[in-house]
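Participant: For reference, the structure I am asking about is given below.
The values are calculated or read from the model by the stated rules, or taken from the named source; none is laboratory data. None of these values were measured; they are calculated from a predicted model. Note that we place each Cβ from the backbone using ideal geometry, even for glycine, and neighbour counts take in every protein chain shown. Only protein heavy atoms, including side chains, enter the accessible area calculation; ligands, DNA and RNA are left aside. Shrake-Rupley method; radii C 1.70, N 1.55, O 1.52, S 1.80 Å.
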Amino acid sequence: MGKDVIIACDFSSAEQTLAFLDRFTGRKPFVKIGMELYYAAGPEIVREIKARGHKIFLDLKLHDIPNTVKKAMAVLSRLDVDICNLHAAGTAEMMRAALEGLTRPDGTRPLLIAVTQLTSTNQEALEQELLIDRPIDEVVMSYAQNAKNAGLDGVVCSPLEAEKVHRLCGEAFLTVTPGVRFADGDKGDQKRVMTPAQAKAIGSDYIVVGRPITAAADPVAAYQRCCDEFIG
């Protein structure tokens, strides 16, 4: 898989999601299924979207004791998604267990990436609420290195950190970056953001875009704008 725009399908029902995807006549965009949709519609919505020919990033951000995460990943591996994720804060042991659980008996598996710090987290929240008294860039880089050492394929990080992650972990180590907004758009609750063109320039492998596409008056045009700016 190369550079691509992933649409965050943060809808509350299968009906809304499928109606949205029906607007992309003749196109099969890469989609992200997050907690809202998965908890509303269950694994069947994953199977339905996959059957329609879409690539899927299943964004459930697992974070639990290693054995629990391993067993959960073994279940998710049966859904034939393309990318799964977890929280790097769960420790390297948890990430290794997740990788083991996600790997099918034939040796195949989805890509597994780790969330470093959410793009809604800023330095103030890191220090005052999470009690992590280190610069956020340093924390992200440490988590990324832990993920690489555990055998993962990449990380979810802010586009502001993608270039540094590649320098630290190598160009083949994937950076999947939410927090992408158009230059003339609203940042919403995101704190650390870039435009699609900026994310391309600093080396993001995938950008995850939600409301700038899903809430647009013309989602297909907004998606095309993202592709034009990020992929070219």
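Participant: Just one of (1) surrounded by 21 or more Cβ atoms within 10 Å (Cβ to Cβ); (2) at pLDDT 95 or above; (3) in contact with a helix residue (DSSP H, G or I) (Cβ under 7 Å, 6 or more places away or on another chain) trips up Gln117, so point out which.
Facilitator: So the condition that Gln117 fails would be (2).
Participant: Then there is this: Filter the stretch 154-167 down to the residues that are without any contact (Cβ under 8 Å) to a residue 60 or more places away in the chain and either within 14 Å of Arg96 (Cα to Cα) or of a type outside the set (D, E, K, R) (or both) and list them by number.
Facilitator: Gly154, Cys157, Ser158, Pro159, Leu160, Ala162, Val165, His166
Participant: Look at Arg96 and say whether it is in contact (Cβ under 8 Å) with a residue 40 or more places away in the chain, over 22 Å from Thr177 (Cα atoms) and outside any loop (DSSP other than H, G, I, E, B).
Facilitator: When the stated conditions are applied, Arg96 passes them.
Participant: Now for a separate question. Filtering the stretch 28-53 down to residues that are touching a residue at least 12 places away in the same chain (Cβ under 8 Å) and part of a loop (DSSP other than H, G, I, E, B), which residue is most open to solvent (accessible area, probe 1.4 Å)?
Facilitator: Among those that are touching a residue at least 12 places away in the same chain (Cβ under 8 Å) and part of a loop (DSSP other than H, G, I, E, B), it is Lys28.
Participant: If I filter the stretch 1-25 down to residues being surrounded by fewer than 16 Cβ atoms within 10 Å (Cβ to Cβ) and aliphatic (A, V, I, L, M), which single residue comes out as nearest to Lys200 (Cα to Cα)?
Facilitator: Met1
Participant: Tell me, which residue of the stretch 126-170 that is modelled with pLDDT of 95 or more and among the small types (Gly, Ala, Ser) is most open to solvent (accessible area, probe 1.4 Å)?
Facilitator: Ser142
Participant: Does Glu93 satisfy the condition of being at pLDDT below 95, open to solvent by 70 Å² or more (accessible area, probe 1.4 Å) and farther than 26 Å from Ala41 by Cβ?
Facilitator: No; evaluated as a whole, the condition is false for this residue.
Participant: So, Ile213, is that one surrounded by 14 or more Cβ atoms within 10 Å (Cβ to Cβ), at pLDDT 95 or above and at negative phi or not?
Facilitator: Here the answer is yes, as Ile213 does meet what is asked.
Participant: Take the residues in the stretch 54-71 that are part of a helix (DSSP H, G or I) and open to solvent by less than 50 Å² (accessible area, probe 1.4 Å); name whichever of them is farthest from Leu102 (Cα to Cα).
Facilitator: Within the stretch 54-71, the match that is farthest from Leu102 (Cα to Cα) is Pro66.
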